[in-house]
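The block underneath contains the structure these notes are about, expressed in C-alpha cells.
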Amino acid sequence: MTGTSDGFVVFDRVQKSYDGETLVVKDLNLSIGKGEFLTMLGPSGSGKTTCLMMLAGFETATHGDILLDGKPINNIPPHKRGIGMVFQNYALFPHMTVAENLAFPLEVRKIGRADREAKVQRALEMVQMGAFGGRRPAQLSGGQQQRIALARALVFEPELVLMDEPLGALDKQLREHMQFEITRLAHNLGITTVYVTHDQTEALTMSDRVAVFNDGRIQQLARPDELYEKPVNSFVAQFIGENNTLLGRVKEINGTALVELDDGEVIDAIPVNVRNRGDRTLVSIRPERVEIDPKRLTPGAHLIHAEVLEFIYMGDIYRTRLRVAGNDDFVIKTRNAPDQRRLRPGEHIEIGWLPEDCRALDAP
Amino acid sequence: MTETATAPAGTDTGPVLAADGLPLKRSLRRALRAQKLRALMLIAPLLIFILVTFIAPIADMLFRSVENQIVAETLPRTARAIQDYDPDSGTMPSEAVLAAFTYDLTAASERKLHTRLGTRLNYEYTGVSSLFRKAGRRVDDFGETYRDQFAAVDPAWEEPATWIALMADPDWVAEYRAWTAAGEAAKAARREFTQAQPLFRLRDEVADVLPETASAYAEFARIAQVEDGDDPAAEDPWAPVYLALYRDLLHVGPGAIAQLGPEAEAMLDAAHDAVEGFETVNLADLYLEADKDWGDPGVWGTIKTFSSAYTPGYFLNAVDLQLTPDGVAAQPEDRQIYIMLFERTLFMSLMIMGSCVLLGYPIAYLLSNLPLRTSNLLMILVLLPFWTSLLVRTSAWKVLLQQQGVINDILVWLGIVSNSGRLILINNQTGTIIAMTHILLPFMILPLYSVMKTIPPSYVRAAKSLGATNWTAFWRVYFPQSVPGIGAGCILVFILAIGYYITPELVGGTSGTFISNRIAYHISSSLNWGLAAALGSILLAVVLILYWAYDKLVGIDNVSLG
C-alpha cells in the first residue's frame, strides 16, 4: 500500500505562486502509490488545497511537473484528466435530480442510456441511496448529499479521487460514520485517494499515509502511527494530537539527549532534530504517556514533582492540568478505571515518564 | 441512514394546549400580535405616504377611463329627455328635448361649463366643440320672443318681484324680507352687514303645475345667488325661463293654476288665455341658425350615447373602436393608431430586452468572476450612466446617431458607407432601440450580476472534473443557475421599456415612439384624460398579463435579484 516507488501520482519539485511575490507551495515532492489513501493535512493557508487544485487542473503549477500514471498532466485541461472529485460543499447541481447529477459525467462521456442508468443505479446502491434518484439535492440532508457527491465522483470509475474537506459540514457523529464509509469504499474499489483536511483525527483514522503541510512545505510524510508517536519536528508534534511541551536547552547529546529545563530540572530525551549542545529545544511528551502512579513505571523512568491545578471529568477519561517545571499547561490523561485516583486541585504529587516517550525537538 | 427526524414529543391527538390550558395556536397568535403590530407601525408612515400620494391618485386617474359624469351633470334635463330620441330618424330631436337642452345649455353657459362639455364630446364626434361654443353665446336669447309677448300681456312679467311671488316659497320670502330689513338697519347704523342671503327655495305646488318653469327658474335663482353672488329678487329671469313658462302654459289646465293662489292665478290666467295666440318660434330653427350642423343627427346621437355616467367609450377608443349610437364600430381608418402603437411598443420592448440580455450577460459573467477589486472598478463603469442625467445620455445619442453625427462621420471616413448613403440611425425605431438598450442595460446587468455572484465556482469546477468541456459546463451547469437572474433582468427591463417616455420622445421621431408618448400627449396636449387613463389601464393590464404568463411558464420564484 505504501509503496512510493509506484508513483501513480507524482509531484516533482512543484512550486506555486499567485502573486509572483510569495510562494504558497514551496518545492513540493510527493509520490503517491496506486490504491493508496493519502491525506494532506495542515492548517488553513498551508498550501494543501492549492496542491489538490493543481492536481485537479484548476490551478497551474508555477514551476515543476505533476505526473499522473507516469505522464505529465500540466497541460491537460481538467475535463480530460479523468479525476473524480468531491468538493467541500458537495457542489451537487441544484437544478438536476440526484440521478441526473450522477448521469452527468456519463452523459458527457457519451455512454448509452441503458448503460448509464445501470451505472447510476449501481453507484447509488453503493452509497445506500438507491431510492433517492428522483430527489433534488436541496431535499436531502447534509449526510445524504455527501453520499451523492461521493457516488458522483465514483460513478465514471476514475482511478484517482480527490476529496477537498468533504466532511467539514457534517456533525461529529455523522462525520465519524462517513469517515468509515469513505475508507471502506476506497479500499474496496482499490482507487487512489487524495484527501485534504484540517482535522487531524480524520487524517489519522482514514489514511494510509498523511502528509502534514505547513507554510507551503510537507513537514512530515508518514503512516498515522508513526506521525503521532514519532513527530519529526515541533510543528507536527503540536499539530497532531494533544501534546505537552517543556522548553529547555540541550546540555549533552550522545544517543540520548540531556536537557536542562528552564527551571533547572534536568531530564533525558530522544534527540530528534537537535544537533548541538546549547541548542534551545522543545521537549514533547504525550499526555497519555505520563503516569501519576510512579509504582507502575519501570526503572529508569524520570520522576518529577507536579502541582494539580484543574481536574476535568470527561467520561471515559480524566483530564488533569498540572504545573510541571514552571509550565502551567501540562496535561495528563488517565483512564476512568475503578482503581484510578481522582486528583484534587492543590494536591502535590509525583509524576513520571519514560525517557523514550520524551522527544527533544526544535524550539520554534 | 444515521440521521432520522425526531418525532415531536406530544403524542396525544387533538389541539395542542399551552401551559395555561388555552389552545396553543391562540396563545401563539397573542404572543405574536404585539410583534405584528410593531411591524405594522414601522411600515405605516410609508404605507400612508404611498396610499395618499401614489395609489389614490393612480386609482383616481384610472377611474377617469370609464367616468363620464360631465354629460349627465351639465345636461341633466337633456340626458333624461333625449333617451327616446332615435338618431336614425335623420331628424333633430323633438321640441321638448330641444327645450330641455336650451335650459341646460343656458345654465351651462352661465357657469362657463359648455366649452368643457363641448371638448369632451368632441373626442367622440368631431365638430361638437364649436357647435357648443356658438350655441352657448346665443342660447340665453332663445326665449326672447316669448318674454316680449308675455310683457305685452302684462308688463309685470318683466318684474323680478312678479317671479318671486309666483315661484318662491312664502317662508323664504319672509326670511328674505327679514334679511333685507336687517341689512337696511345695519346700513342705517353704519354697521358692517355680512349675513348671507337665505338660499332660494321653490314653493311646493309650482313644480307640479309649471314643471319646466319651476326647474328653469330654480336653476336661474341658484346660479344668480350662489355662483354670481346676485340677488334673484332683483334680477330678470333668463329668456329661456319665459320659453319654459310658455311651454308649461300650453299644457296646463285652469284648475291646476288655481292651486297657486289667487294672485298668481290672475296673472297666469291672463297669460294662459294669451299663449294660444302667441307667435311661436321653432327651437330647431334657432339652433340651425346658430350653426347648421345642429341639424346633424350624429351630434344628438352622440349626446344621447354619452349621457350615461359611465362609458366604455374611452377604452373602445384606446383599441381603435368607437361607440356610436348604433353600437360599437371601428374607427375610421385614418384614426386607427392605438393597436399599431401597442404592437410597436411590445415589439420594441422585446427587442430592447433581447439586446440587453445579449449585451448584459457576458458583462455580468465577467464581473462576477473577476477578483473583487477589479469587478468593483468595472461595476462603477456599469453604474456610471445612472449618475448622468437621462436627458444628457439621450441627447448624447442624438449627437452620436444623427446623419451628420459622430457614427456616420466615422463610417464615411472609413469608407464603409458613402457620403450620400449615410445611415438613418435616429428619429426611427433603430434610434429608440439603440438608445434604450444603452439606458436600460444596467437594469439587466445588476440582477444578473447579483445572481451570478451567488453561483459558487465549485459547480463549474465540479462539472469539469466530471469530464465536461468548458462549453458543456457552462451550458448545462452554469447557465441554468443564472436563469433566475435573466428572468429578473428581463422583467425589469421589459416593464421599464414598455412604459418608457423620454427616450422615445427624443430619439424616436414618428416611427419610434411608444404608446406612452401618446398617453403623455393626451395628458398634456389634447387634455383627453379619459383616453389617456384608458390607454394607461390597458398598458397596466398587458404588463400584469405578461407577468402572469411568465409566472405560469417559468415560475416567479425563478426570479431572483440576488
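The values are calculated or read from the model by the stated rules, or taken from the named source; none is laboratory data. As the structure is a prediction and not an experimental result, all values here were calculated from the model. In this analysis, Cβ positions are derived from the backbone assuming ideal geometry, glycine residues included, and neighbour counts consider all displayed protein chains.
A few notes on this one:
- The set of residues in region B:459-512 being crowded, with 20+ Cβ neighbours inside 10 Å, hydrophobic (A, V, I, L, M, F, W, C) and within 14 Å of another protein chain (Cβ to nearest Cβ) consists of B:460, B:462, B:463, B:466, B:468, B:473, B:477, B:486.
- Yes/no for residue A:258 being in a strand (DSSP E or B), in contact (Cβ under 8 Å) with a residue 40 or more places away in the chain and within 21 Å of residue A:304 (Cβ to Cβ): no
- In this structure, residue A:53 does not satisfy being in contact with a Cys (Cβ under 8 Å, 6 or more places away or on another chain) and either away from chain B (no Cβ under 14 Å) or surrounded by fewer than 20 Cβ atoms within 10 Å (Cβ to Cβ) (or both).
- Some residue of region A:347-354 being within 16 Å of residue A:290 (Cβ to Cβ), assigned to a loop (DSSP other than H, G, I, E, B), charged (D, E, K, R) and out of contact with any Asp or Glu (no Cβ under 6 Å at 6 or more places or on another chain): yes
- Any hit, region B:188-206, residues being assigned to a helix (DSSP H, G or I) and either within 39 Å of the chain's Cα centre (by Cα) or surrounded by 13 or more Cβ atoms within 10 Å (Cβ to Cβ) (or both): yes
- Tally of residues being within 12 Å of residue A:215 (Cα to Cα) and within 13 Å of chain B (Cβ to nearest Cβ) across region A:38-50: 0
- Single residue of A:87, A:11 found to be farther than 23 Å from residue A:236 by Cα and modelled with pLDDT of 90 or more: A:87
- Each residue in region B:157-187 was checked for being surrounded by 14 or more Cβ atoms within 10 Å (Cβ to Cβ) and among the hydrophobic types (A, V, I, L, M, F, W, C), and 11 of them qualify.
- Filter pass, residue A:12 being more than 14 Å from chain B (Cβ to nearest Cβ) and out of contact with any Lys or Arg (no Cβ under 7 Å at 6 or more places or on another chain): yes
- Those residues of region B:504-527 which are within 20 Å of residue B:543 (Cβ to Cβ) and either among the β-branched types (Val, Ile, Thr) or in contact with a strand residue (DSSP E or B) (Cβ under 7 Å, 6 or more places away or on another chain) (or both), in sequence order: B:513, B:515, B:519, B:523
- Residue in region B:334-342 that is in contact with a strand residue (DSSP E or B) (Cβ under 9 Å, 6 or more places away or on another chain) and not small (Gly, Ala, Ser) present: yes
- Options A:118, A:61, A:123: the member that is closer than 18 Å to residue A:166 by Cβ and at pLDDT below 95: A:123
- Residue, surrounded by the fewest Cβ atoms within 10 Å (Cβ to Cβ), within region A:307-336, restricted to residues that are more than 30 Å from the chain's Cα centre (by Cα) and in a loop (DSSP other than H, G, I, E, B): A:326
- Annotation note: Cβ proximity below 8 Å between a residue of region B:361-375 that is of a type in the set (Ser, Thr, Tyr) and a residue that is part of a loop (DSSP other than H, G, I, E, B) (sequence gap 6+ or interchain) occurs for B:368/B:455.
- Of the criteria (1) touching a Gly at 6+ places or on another chain (Cβ under 9 Å); (2) closer than 27 Å to residue B:207 by Cβ, which one residue B:311 fails: (2)
- Residues located in region B:419-436, provided they are exposed (fewer than 12 other Cβ atoms within 10 Å of the Cβ) and modelled with pLDDT of 90 or more: none
- Taking region A:108-215 as the region of interest, the strands (runs of 3 or more DSSP E) fully inside it that hold 1 or more residues being within 11 Å of another protein chain (Cβ to nearest Cβ) and touching a Gly at 6+ places or on another chain (Cβ under 7 Å) are A:160-164.
- Checking A:252, A:226 one by one, the residue that is loosely packed, with under 15 Cβ neighbours inside 10 Å and part of a helix (DSSP H, G or I) is A:226 and no other.
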